[in-house]
1. What spacing in nm lies between the two simple spin-label points modelled at Asn84 and Arg142, each 7 Å away from Cα in the Cβ direction?
2. So what are the ³J(HN,Hα) numbers for segment 73-78, from phi and the Karplus equation (6.51, -1.76, 1.60; θ = phi - 60°), rounded to whole Hz, Gly and Pro as x?
3. Label points 7 Å out from Cα along the Cβ direction at Ala24 and Lys99: separation in nm?
4. Once the principal axes of the Cα atoms of segment 186-242 are found, what is the range along each, listed largest first in whole angstroms?
5. Can you figure out the FRET efficiency of Asn230 with Ala75, using R₀ = 25 Å and their beta-carbon distance, to the nearest 0.05?
6. So what are the radius of gyration and Dmax for the Cα set of the chain, in Å?
7. Where does helix 243-252 land angle-wise versus the long Cα axis of the chain, in degrees 0 to 90, nearest 10?
8. Taking θ = phi - 60°, what integer Hz values does the Karplus form 6.51 cos²θ - 1.76 cosθ + 1.60 yield along segment 35-52, in sequence order, with x for Gly and Pro?
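No value in this document is a laboratory result; all are computed from the given coordinates. Everything quoted here is computed from the prediction, not taken from an experiment. As a convention, Cβ positions derive from the backbone with ideal geometry for all residues, glycine included, and neighbour counts pool all protein chains shown.
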Amino acid sequence: MNYRNALVWTVIGAMALTVGALGAPRYVDGIDAAFPPFSFIDDNGVPAGFDVDVVRWIADEMGFEVEIVPVDWDAIIPTLLVGNIDFIASGMTITQARKERVSFTEPYWQVDLAVVVRQETQSDGEQQAEFNVFTAVQPGRRIGVQRGTTSQDWLEDEVLAAGIGINIVLYDNFLLALEDLLIGRIDAAVMDEPTALSSIADRPLTVVGTIATGEIYGYAVRQGDTELLNTLNEGLSRIQSDPMWDQLVAKWLVGR
Ligand code: ARG
């Protein structure tokens with residue numbers, strides 16, 4: 001190939017790349033890296049989880065490119081609002097307060113909250129929970145939650161507001177709360193039930209009760225970003241009528 005041909009092919013290649021880039025929109029999805037089984041960073045340092053798999057499938061199906069980046073949960077809505085990410089797919093509950101700041105897709109999953117406590121080994125070798133749900137949520141108890149979650153809302157709005165003087169201990173993520181629970185710095189932790197179940201395996205921790213908040217998850221976009229909202233809604237509806245949905249539910253959420 002002579003110099004001129006090489007140049008022509010280079011130009012054609014560059015044009016093809018440009019068209020490709022123009023053809024496929026690119027969105028940045030912000031996740032909390034410590035919210036299994038919905039979103040987390042796996043042992044290889046790669047984003048993983050139910051929401052991550054669903055979003056990758058939707059991106060493929062709907063023809064957009066997606067970059068998935070970890071963001072501190074506490075800062076995730078401000079990060080969306082300033083435009084550093086384009087949407088949030090990370091087990092976020094649709095709440096009235098959040099709806100005033102962001103737009104949500106259709107609901108895609110429902111959860112309750114779980115109360116997690118330590119398990120003690122009895123003299124006969126049996127494992128027993130240190131507290132039940134009533135004795136865990138009593139005045140003076142130190143209860144850990146992730147900052148800026150519906151678990152924090154529940155402790156403030158339903159427990160403290162009812163005059164039960166617990167001490168709420170706030171963490172950047174739920175896994176840190178479980179670490180502190182293990183070493184006795186807190187008496188209990190409250191979190192979304194699937195996260196509790198997937199995080200206590202192989203540890204002397206147990207779920208002693210659930211709080212039937214029946215909260216529903218959606219993906220969040222900036223208000224007014226209707227194109228992306230419609231794309232995500234269409235993608236959710238397509239994956240839910242595809243066998244892939246049940247496969248991902250079985251892989252991450254049910255029967256693990
Ligand atoms: N569903 C709860 C909420 O929206 C907890 C979410 C925590 N999600 C996360 N990625 N850390 O407040």
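1. It is 3.0 nm.
2. After applying 6.51 cos²θ - 1.76 cosθ + 1.60, I find 4, 4, 10, 6, 6, x Hz.
3. 3.5
4. Principal-axis extents of the Cα atoms in segment 186-242, largest first: 46, 28, 20 Å.
5. Details: r = 27 Å, r/R0 = 1.06.
Here the calculated transfer efficiency is 0.40.
6. Rg and Dmax of the chain, Cα atoms, are 22.0, 85 Å.
7. Value to nearest ten degrees: 40.
8. Per-residue couplings from phi come out as 9, x, x, 8, 7, 6, 9, 7, 4, 8, x, 10, x, 8, x, 4, 4, 5 Hz.
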